[in-house]
Amino acid sequence: MNEFFAFCRLYKWRIISVCFGILFAILIFTIGFWRTLLLFAIVGAAYFIGTLLDEGGRARVKEFFCGLFGKNE
C-alpha cells in the first residue's frame with residue numbers, strides 16, 4: 001500500500017491531468033463542446049468568487065466588483 005501512495009505522490013500532476021482529460025472527453029461526448037466550455041467557465045467563476053470569500057468575506061467580493069464596474073477616477 002505504501003508503494004501505491006509513493007507512486008501517487010511521485011506522479012501526482014500526471015494522474016490529475018489524465019483524470020481531467022478523461023473528464024473533459026466524457027463531457028464533450030455527452031453534452032457537447034460549447035456546453036462543456038460553459039460548465040468550465042461557471043465552475044471557474046465560482047472558484048474565483050469562493051477564493052475572494054475565503055480571503056476577506058463579502059466585503060472582499062464587494063470591493064472586487066466595485067473596482068471592476070465602478071467609475072474610474
With +1 at each Lys and Arg Cβ and -1 at each Asp and Glu Cβ, the charge dipole magnitude of the chain around its Cα centre, to the nearest 20 debye, comes out at 80 debye
Read-out semi-axes √(5λ) of the Cα gyration tensor in Å, candidates (1) 29, 11, 9; (2) 35, 21, 9; (3) 16, 13, 12; calculated match is (2)
For the pair Phe24 and Phe65, the simple spin-label estimate (label points 7 Å beyond Cα toward Cβ) gives in nm 3.0 nm
In the stretch 10-73 the accessible area split gives carbon plus sulfur, as whole percent at 1.4 Å, a share of 70 percent
Under the 7 Å Cα-to-Cβ spin-label approximation, Phe33 and Met1 lie apart by a distance in nanometres of 4.6 nm
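The values are calculated or read from the model by the stated rules, or taken from the named source; none is laboratory data. Predicted, not measured: the structure shown is a model, and the values here were computed from it. Cβ atoms come from the backbone with ideal geometry, glycine included; neighbour counts cover every protein chain shown. Heavy atoms of the whole protein, side chains included, go into the accessibility calculation; ligands, DNA and RNA do not. Shrake-Rupley method; radii C 1.70, N 1.55, O 1.52, S 1.80 Å.
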